[in-house]
1. Taking the Cα centre of chain A as origin and charging only Cβ (+1 Lys, Arg; -1 Asp, Glu), how large is the dipole, in debye to the nearest 20?
2. Based on the alpha carbon coordinates of chain A, what radius of gyration and maximum Cα-Cα distance (Dmax) apply, in Å?
3. Note the angle between two axes, namely the Cα long axis of helix A:62-75 and the longest principal axis of the Cα atoms of chain A, as a number of degrees from 0 to 90, rounded to the nearest 10.
4. Tell me what chain A gives for mean residue ellipticity at 222 nm when only DSSP H runs of n ≥ 4 count, each as -39,500 (n - 2.57), the sum divided by the residue total, rounded to 500 deg cm²/dmol.
5. Any chance you could check the Cα centroid distance between the stretch A:382-426 and the stretch A:1-57 for me, in angstrom?
6. Tabulate in residue order the Karplus-calculated ³J(HN,Hα) for the stretch A:197-206, using 6.51 cos²θ - 1.76 cosθ + 1.60 with θ = phi - 60°, rounded to whole Hz; enter x for Gly and Pro.
7. Of all beta bridges DSSP finds with both residues in chain A, what is the antiparallel percent, to the nearest 5?
8. Can you compute 3J(HN,Hα) from phi for each residue in the stretch A:178-184, using the Karplus curve 6.51 cos²θ - 1.76 cosθ + 1.60 with θ = phi - 60°, rounded to whole Hz and x for Gly and Pro?
Amino acid sequence: MQNLLHNLNPEQLAAVTLPPQNALILAGAGSGKTRVLTTRIAWLIQTGQVSPAGVLAVTFTNKAAKEMLTRLSTMLPINTRGMWIGTFHGLCNRLLRTHYKDAALPQTFQILDSQDQLSMIKRLLKANNIDDEKFPPKQVMYFINNNKDQGLRASQVEAYDALERKLVELYQLYDDQCQREGVVDFAELLLRTYELLSRNEPLRQHYQQRFRHILVDEFQDTNNLQYAWLKLMAGHGSPYGGALFAVGDDDQSIYAFRGANVGNMQAFESEFRVQNLIKLEQNYRSHGHILDAANMLIANNSRRLGKNLRTDAGHGEPVRVYEASSDLQEAQWIIEEAKSLIAEGALRREIAILYRSNAQSRVIEHALFSAGMPYHVYGGLRYFQRAEVKHAIAYLQLMDNPHNDSAFLRVVNFPARGIGARSIEQLQNAAATYNCSLYAAVPYMVGKAGSSLAAFTKLIEGVRFETQQLALPELVKITLDSSGLLQHYANEKEGADRVENLEQMVSAATQFVSEEGFGQGAPAHLGPQASAAAGAQVVVADGVEIIDADAPLATVMSPLSAFLSHASLEAGDNQAQEGQDALQLMTVHSAKGLEFDNVFITGLEEGLFPHESSSKEEGGVEEERRLMYVAITRARKRLYMAFCQTRMLHGQTRYNMKSRFFDELPEESLKWLTARVQQNNWFSTGSRKSAWDEMPSVPSADNRLAARMNERSGASGGWRIGESVAHAKFGEGVIVNLEGSGANCRAQINFGSFGMKVLDLSVAKLERL
DNA sequence: GACGCACCGCTTTTT
DNA sequence: GCGGTGCGTC
């Protein structure tokens, strides 16, 4: 116990040892949040205040859940199995598997990922002859998911015009179709669980009484449904229920665009009458200048809960700021700086290059590739999302639940077996007529199409029969062969990677079976009741027998079902080149939660960061500022910021002003590597040396660009596209275009918040910057 | 049934 | 500027 608590600072200690009451922990970046969360659990168990089975810990990502489990197992001598630690979706999946009857789901219900969901909506639109110009599938999906995230069923959505009424109708059709097929989307996992527990009182009370301590990570990222779910679990407003321990940081709320509601923090504080609010402000990550920059920037936001990070680490290096002439040159500069960092002994994996949007990575990647520097881009296609892996999964899905139409359509003719669009159309008509799944409609088909289709279902049933008594890895192996997938890719010219990915599925299955506590040889298809019902805890409450949805998964589902939900809920890593020491490229969003010795924040330009579309949304710029705050606080020792005068975006050259965020950073913490414009110096005549004039090692493409621009300057009274200027009324701007010549010369200038203006150069008084 | 061409859209992302 | 998608042709 002494061990557990030692080395905690006073605030951390206070949070860990709070009495069993609701609590809100405001945990700043790098303040030891995960440590507090895990130590709290360990302390509660070690002091005998709760048994492992009384703990429910919820995270957003599998990574965070795994991290908690790992840390806990080093702190506690006991088995962590009895605890419920997982993502919202993972926990809901487990609950729904256990109580599938009460939730009105088939035992082998399957989970649609976003790809599957979208293709299902497209099918639905087609089947109902709906113009997908008027109802873009993505928007229909957004509408459905949004309402589910608000806890609303189609019947509860209020529609005010014909368009909305149609959307509501589609929502209902979509849900009906899911129910017929026995599939649920991500939002449905949560909503269905929520409805199950609200409706079913004995079940609700059982879980409310069981979980004495509910702990939530990244609380600022919860959406309304998740918050309602937590309220229900914690028995808010009922005589039962445990304490809710919420950890979050309102300044790091960057997911409003997908429904996260920071307001949940304030709501929690008042609705749960939180007496215990603790702020963790001591930062163990970054040097002083970096924190000063973060603190001063975020102070520009309103409606904060209020927090200021501090450190004992000293000021450290100032933040280095660089103005590049172009995106190419920005990339070139990053490489030069990275090289010298590495020369000073930095590890490549301790250098992160962050950007606002993925499109920015291309130029940087290209430069890194040319320079022969190893790098790793985060956020590509993940393992279980690859086409060939999804195909294999579809075969497995059909064996477990043949009514999954998405899976059926994906592989009915892949590899090709002579079942064309015409046959599929007939089959869909038959399915509509008999109100059944495509698979079930196959017997109604006649002729050549009928026999090809029958051969396909026979193939599925054949493999199922053949593998009846086999364990999951064998089932996977046989499926890969019998489906013809392996053969198909082996014959393909560039199919080697795909074959490798497919073969990897066998090892993935082996690993899964052993990690999830299924017996090594447990038959993949066998139902849970036969395989492991002995482990399930049966509870009798109010005369109702309840099988508690306890770990391990083997108690509630077959190895195959479990593996399939694993594939949907945990998409896997994106690349296997883990061991390599490489520069880390990622968006600011994906950098959240990570830290590096050296961080580059790139593309700090108006319109890009903050992104232009954010200024149209209510509170959009504040969210961008929080995003910038997240970016800054990733750095331990060195932080670099860069922006460009010219940038290629969507096939067009754009001229942006430097980001407004520079004006919100403390002067004394910045070191400008290129001459900088003094704000109070706009109208002085002294000419400024810009990065343009002192480019150290400009790539050739850049030289050409510069030359081209200088050519034009002769005809334009010395003005140049991309040049920074100041105007008495509009302030600082960038010349975006020049037209005409001599006395008729006009300039189009981007004045940032004043917008785009076209000025007659013989009249307008412009200052060169 | 495979390939080629035209068209679209384009912020951020986990489950 | 690029990648995904959907349609038309051989």
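1. It works out to roughly 360 debye.
2. Answer for chain A, Rg first and Dmax second: 29.4, 94 Å.
3. With both axes taken from Cα atoms, the answer is about 80 degrees.
4. Per the formula, -13000 deg cm²/dmol.
5. That distance is 47 Å.
6. So the Karplus estimates, Gly and Pro as x, are 6, 5, 6, 9, 5, x, 5, 4, 4, 4 Hz.
7. 35 percent
8. 4, 5, 4, 7, x, 10, 10
Throughout, read-outs are computed from the coordinates displayed, never taken from laboratory work. Everything numeric in this text was worked out from a predicted model, so none of it was measured. Here Cβ is always computed from backbone atoms with ideal geometry, including for glycine, and neighbour counts include all displayed protein chains.
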